[in-house]
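Participant: Here's a structure for you.
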2 protein chains.
Amino acid sequence: MPAKPPGRNALYAQSGGVTATINATAWGLIDEAQRPRRSGLAIGRIYAARNGILGVLREDLVDASAESRAALAALRHTPGGAFGSCRYDLPPLPGGHTHFARIAEVFRAHDIGYFFYNGGNGSAETAQQLATILPDFGWPVISLAVPKTIDNDIVGSDVSPGFGSVAKFAATSLREASADLASMADSSTRVFVMEVMGRNTGWIAAACGLALPADEDGPLLLLVPELAFDRARFLAAVSARVARHGWCAVAAAEGLRLGDGRRLTMAGGDGITGHEQLGGVAPLLAAMIRRELRVKVHWSVLDYVQRAARHLASAVDLAQAEAVGRAAVRYALAGRGNVMPVIRRIADRPYRWRIEAAPLEGLMNRERPLPRRLLSRDGGRLSTAGRAYFLPLIRGEAAQPFADGLPVHARLHLRPLRRRLAAPWREPGSRPNTGKKAR
Amino acid sequence: MPAKPPGRNALYAQSGGVTATINATAWGLIDEAQRPRRSGLAIGRIYAARNGILGVLREDLVDASAESRAALAALRHTPGGAFGSCRYDLPPLPGGHTHFARIAEVFRAHDIGYFFYNGGNGSAETAQQLATILPDFGWPVISLAVPKTIDNDIVGSDVSPGFGSVAKFAATSLREASADLASMADSSTRVFVMEVMGRNTGWIAAACGLALPADEDGPLLLLVPELAFDRARFLAAVSARVARHGWCAVAAAEGLRLGDGRRLTMAGGDGITGHEQLGGVAPLLAAMIRRELRVKVHWSVLDYVQRAARHLASAVDLAQAEAVGRAAVRYALAGRGNVMPVIRRIADRPYRWRIEAAPLEGLMNRERPLPRRLLSRDGGRLSTAGRAYFLPLIRGEAAQPFADGLPVHARLHLRPLRRRLAAPWREPGSRPNTGKKAR
């Protein structure tokens, strides 16, 4: 039997803010793409673009097939985006003509038949653009989006890969800091404010409600952007918790908004200060509490630390991150482009889920807000439904190898593909690099 | 052979800012105190004061001997201070007459023959006061300090229990966040500033130099309070790293000072802003970089999250924390009061250490600054000596049990001892609660 002729090549790229488990998706996808197949289509070589779609435009590609299996497997315990990410939106037609022509040219030069864009809602549009526009440029490609975002705001997916791990780290940190706070509260600090990511949605802040068991969550207070921030109600809630429990631990989303829609950080803390803020909703809330309640406050801003905390990744999240990568390859080989593998929840207890293909048109550039029913009536704690939703997502501790006391991460060679195009990429005009989100 | 008569009772208390491993000291001390002994002195029951010396004054004591062995053993993986801590300094004589009389009265009522105060430099003075002053109040007691502080500033101890774990968490977080940053730097964020604790000393910030291996630490920049902050030099250092590596990760101690001794946060960022800061050196540095270098910056303030991160404790730190607790009991039973068990380093590789007794007079209320030789010539990175010092302290991952995806902590009964004194404690005058450190 003659050897099956190799299939066309595939290209993988990472986009948007990275997560603790996006590289697990890379591993799943690359490994699945390299699996020998007895029948049907196969993938030739699997390449990766450096820094997302920018690497495609620049013809800055590396050969993932040339990496050792051990190095690729180590992606499972490596945070950040191993191939580089980007914040870059392709301009729509007709303005994007030069871009799409260039992409078709790069794809043709390297015989790219499959494109996988690993990102969030914004990146889904790029994948959709390539699926629908490239045929007009003479190079049809099977283009898929592969989900990833700590924001958990992808429409149509029960959870977004990356979210379970950031939720686990944030809830753990708040549980640990609460133990610290409880021991200091008698004669020192009584309130701790922890700021988590979430410019428009409160998924991470809400997940912090798991920090204490349901029967002990009295001292917790959750603040999400979906519920307008009210200064008086906030201070009353903190004050009541301190009076009753001796202390109060607050989880606040960075994007808290006032009733008029302005961000708290932009508004200078509800008019308390008139100057530009140096950033951070936590220091604002802390100052409010200190001034009005006259208690000692500590505050923390987790920022990148939360979304990079692979050392405490959720085993469920890691499994889902790998699974969407594998599913994307299977969909592609079955000829299903212009979709994203999403996660459908089948049951809460025990948690069961499966992967489905969602058409990109239905989800790109939309955001899924936190449903109100996941919070308690006063909005400051988790509801029973909220616990049922979040708890399965943080279960299990994904293995993390250490050496010399620190986490070990993958070391890829990132061997550059030889450039085949004569002209380098030149960005038309001086289009600013906006990115869907400013994070 | 008749049963040996029980010895006098012992009292344990926690003081100052807590750590991820202070409860491991509690476990070691309580377990050691309860060990049956064939000869020599023994301890009767082991009690704990709630909220440090305040619990002694208030006669707010609990019976640690009544806790189950399983609950006590779980202290090894529980952050915070399980018995409550305090920020409270006893006034010296003659002003403190009422305090010492009260303490003698409480000790007499509960037959306390041994007192163990688990804290830092400030708490050592309290232990020393009780050792030297209580005899004049008719109740001599064997009083010891037991070391604990994330600040690593205890004079005469190679390392302070609690420090190794915070160093491990901070260095891990910076390593993980650096992986994140490196993947965003091409088209988005180029600088990440992580603020760690350290009001007067740069031990934690310096330990962050371990985040990258020695041959790759080019993009790192360490800022410690021992070296005066210079705005121009800082910006040049960041700029050079971004130019060379594409990104720069900064670890900054909260207590950075200008050349004139003012704290950066108090000075409003070297005169950039004229108003009171809401706190945090990281947002100040981030604003400086953004304004002057015109690059996108992310910043994080770890605060309590770093010192409570028991889920990532150093195995070496945990062993040392337990060992100082056990050593304190052995010293006490040998009649050696007015000392603190400290850690002496015997060798770097492999790391070997032993415990010695240091007289309290020599170390109380002093602070150990970071030696200059642990940093590189330009002060922005670790020296070889710095790596040799810090590396052994973060080695090993201390076990942490999880349930439902979150760390499991000890649940003590904290059974109150029946009060024997008629009068409650009343603080003389309205003395403010200062605390040695404002943290």
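The values are calculated or read from the model by the stated rules, or taken from the named source; none is laboratory data. Source: prediction; values computed, not measured. Counting neighbours? That spans all protein chains shown, and the Cβs are built from the backbone with ideal geometry, glycine included. Ligands, DNA and RNA are stripped out before the accessible areas are found, and what is left, the full protein with its side chains, is counted by its heavy atoms. Shrake-Rupley method; radii C 1.70, N 1.55, O 1.52, S 1.80 Å.
Participant: Which value in deg cm²/dmol, rounded to the nearest 500, describes the helix-derived mean residue ellipticity at 222 nm for chain B, given -39,500 (n - 2.57) per DSSP H run of n ≥ 4 and division by the residue count?
Facilitator: When only DSSP H runs of four or more count, the value is -9500 deg cm²/dmol.
Participant: Determine the residues within segment A:389-412 where the difference in accessible area between the chain on its own and the full set of protein chains amounts to at least 20 Å²; count protein heavy atoms only and use a 1.4 Å probe.
Facilitator: By number: A:391, A:394, A:395, A:397, A:402, A:404, A:405, A:406, A:407, A:409, A:411.
Participant: Roughly how crowded by other chains is peptide A:280-291, in terms of the mean Cβ count from those chains within 10 Å of each of its Cβ atoms?
Facilitator: Average neighbour count from other chains, rounded to a whole number: 3.
Participant: If you take the Cα Rg of segment A:151-277 and divide it by 2.2 N^0.38 Å, with N the number of residues, what do you get?
Facilitator: 1.09
Participant: Once the label point is set 7 Å along the Cα-to-beta-carbon vector, what list of distances in nm do you get between residue B:345 and its counterparts in the other copies?
Facilitator: Label-point distances to the other copies, shortest first: 5.0 nm.
Participant: Test of understanding: in a Gaussian network model of chain A with alpha carbons linked when under 10 Å, which of A:310, A:352, A:366 would top the mean-square fluctuation ranking?
Facilitator: Ranking A:310, A:352, A:366 by mean-square fluctuation puts A:352 first.
Participant: Please report the relative contact order for segment A:352-407, taking Cα pairs under 8 Å with a sequence separation of at least 6, and give it as a percent rounded to a whole number.
Facilitator: 16
Participant: What number results when the radius of gyration of segment B:140-194, computed over Cα atoms, is divided by 2.2 N^0.38 Å?
Facilitator: Numbers: Rg = 18.5 Å, N = 55, 2.2 N^0.38 = 10.1 Å.
Taking the Cα Rg and dividing by 2.2 N^0.38 Å, one obtains 1.84.
Participant: How long is segment A:104-221 along each principal axis, judged by its Cα atoms, biggest number first, in Å?
Facilitator: 72, 24, 19
Participant: Given Cβ point charges of +1 (Lys, Arg) and -1 (Asp, Glu) and nothing else, what value in debye, to the nearest 20, does the dipole of segment B:1-101 about its Cα centre take?
Facilitator: It comes to approximately 360 debye.
Participant: With a Cα-only, solvent-free Debye model of chain B, what are the log10 I(q)/I(0) values at q = 0.07, 0.08, 0.09, 0.10 Å⁻¹?
Facilitator: Results for chain B at q = 0.07, 0.08, 0.09, 0.10 Å⁻¹ read -0.37, -0.48, -0.60, -0.72.
Participant: Now a separate question. By per-residue mean of other Cβ atoms within 10 Å, what is the highest-first order of A:121-134, A:67-80, B:392-405, A:103-116?
Facilitator: So the peptides A:121-134, A:67-80, B:392-405, A:103-116, ranked by packing, come out A:121-134, A:103-116, A:67-80, B:392-405.
Participant: Stokes-Einstein diffusion coefficient for segment A:314-381 at 4 °C in a medium of 1.567 mPa s, Rh from the Kirkwood formula over Cα pairs: what value in µm²/s?
Facilitator: D = 91 µm²/s.
Participant: Roughly how big is the protein assembly as shown's charge dipole about its Cα centre, with Cβ charges of +1 (Lys, Arg) and -1 (Asp, Glu), in debye to the nearest 20?
Facilitator: Working: 114 positive and 78 negative charges, 195 e Å.
Result for the protein assembly as shown is approximately 940 debye, rounded to the nearest 20.
Participant: Residue A:155: net charge of surrounding residues, Cβ under 12 Å, Lys/Arg +1, Asp/Glu -1, itself excluded?
Facilitator: Every neighbour counted, the sum reads -3.
Participant: Further, regarding this structure: Would you work out what percent of the accessible area of the protein assembly as shown, with all protein chains in place, is carbon or sulfur (probe 1.4 Å)?
Facilitator: Result for the protein assembly as shown: 52 percent of the exposed heavy-atom area is carbon or sulfur.
Participant: Grab the other residues whose beta carbon is less than 15 angstrom from that of residue A:353, score K and R as +1, D and E as -1, and report the net.
Facilitator: That works out to +2.
Participant: Could I ask something else about it? How many square angstrom of accessible surface are buried between B and A, both sides summed, with a 1.4 Å probe and rounding to 100?
Facilitator: The contact between A and B buries close to 6000 Å².
Participant: Say we join alpha carbon atoms closer than 10 Å with springs in a Gaussian network model of chain B; which of B:160, B:188, B:178 then has the biggest fluctuation?
Facilitator: Result for chain B, Cα springs under 10 Å: B:188 fluctuates most.
Participant: In addition: Sort shortest first the distances from residue A:232 to its counterpart in every other copy, using label points 7 Å along the Cα-to-beta-carbon line, and give them in nm.
Facilitator: Label-point separations across copies, in nm and ascending: 5.3.
Participant: OK, next. Give the separation of the Cα centroids, segment A:1-78 to segment A:179-256, in Å.
Facilitator: Cα centroid of segment A:1-78 versus Cα centroid of segment A:179-256: 42 Å apart.
Participant: Something else: For chain B, what's the relative contact order in percent, using C-alpha pairs closer than 8 Å and at least 6 residues apart?
Facilitator: Value for chain B: 23 percent.
Participant: Can you list the copy-to-copy distances for residue B:93, using a point 7 angstrom from Cα toward Cβ, in nanometres, shortest first?
Facilitator: Ordered by increasing distance: 9.3 nm.
Participant: Still on this model: Let's see if you can work this out: charge +1 on each Lys and Arg Cβ, -1 on each Asp and Glu Cβ, no other charges. What is the dipole magnitude of segment B:102-208 about its Cα centre, in debye to the nearest 20?
Facilitator: Working: 7 positive and 11 negative charges, 12 e Å.
For this selection, approximately 60 debye.
Participant: In peptide A:191-202, what is the residue-averaged number of other protein chain Cβ atoms found within 10 Å of each Cβ? Can you show the working numbers first?
Facilitator: On the way: counts 0, 4, 1, 4, 2, 0, 0, 0, 0, 0, 0, 0.
What the average comes to for A:191-202 is 1.
Participant: Just going by the charge dipole of the protein assembly as shown, with Lys and Arg at +1 and Asp and Glu at -1 on Cβ, which of B:30, B:157, B:146 is farthest out on the positive end?
Facilitator: My answer, from the dipole projection, is B:30.
Participant: Could you give the C-alpha radius of gyration of segment A:212-352 expressed as a fraction of 2.2 N^0.38 Å, taking N as the number of residues it contains?
Facilitator: So segment A:212-352 has a normalised radius of gyration of 1.43.
Participant: Moving on to the next point. Expressed in whole Å with the largest first, what are the equivalent ellipsoid semi-axes of the protein assembly as shown derived from the C-alpha gyration tensor as the square root of 5 times each eigenvalue? Before the final figure, lay out the partial values.
Facilitator: On the way: eigenvalues 542, 142, 139 Å².
Ellipsoid half-lengths, sorted descending, are 52, 27, 26 Å.
Participant: Mind jotting down the distance between the C-alpha centroids of segment A:340-369 and segment B:369-418, whole Å?
Facilitator: 39
Participant: Where along chain A is the Cβ that lies nearest the axis linking it to chain B, and how many Å separate them?
Facilitator: Nearest Cβ to that rotation axis, in whole Å: A:301, 2.
Participant: By DSSP, what percent of the beta bridges with both residues in the protein assembly as shown are antiparallel, rounded to the nearest 5?
Facilitator: 35
Participant: Is there a simple number for the mean count of other chain Cβ atoms within 10 Å of the Cβ of residues in A:75-86, and what is it?
Facilitator: Counting Cβ atoms of other protein chains within 10 Å of each residue's Cβ and averaging gives 4.
Participant: Just to confirm a number: summing +1 for Lys and Arg and -1 for Asp and Glu over residues other than residue A:173 whose beta-carbon lies under 13 angstrom from that of residue A:173, what do you get?
Facilitator: Neighbour charge sum, excluding residue A:173 itself: 0.
Participant: Compute a Gaussian network model of chain B, connecting alpha carbons closer than 10 Å, and tell me which residue from B:311, B:245, B:409 fluctuates the most.
Facilitator: Ranking B:311, B:245, B:409 by mean-square fluctuation puts B:245 first.
Participant: Using only the Cα atoms of segment B:1-112, build the gyration tensor, take square roots of its eigenvalues as a ≥ b ≥ c, and label the shape rounded, prolate or oblate: rounded if a/c is under 1.5, else prolate if a/b is larger than b/c, else oblate.
Facilitator: Taking the square roots of the gyration eigenvalues as a ≥ b ≥ c, segment B:1-112 is oblate.
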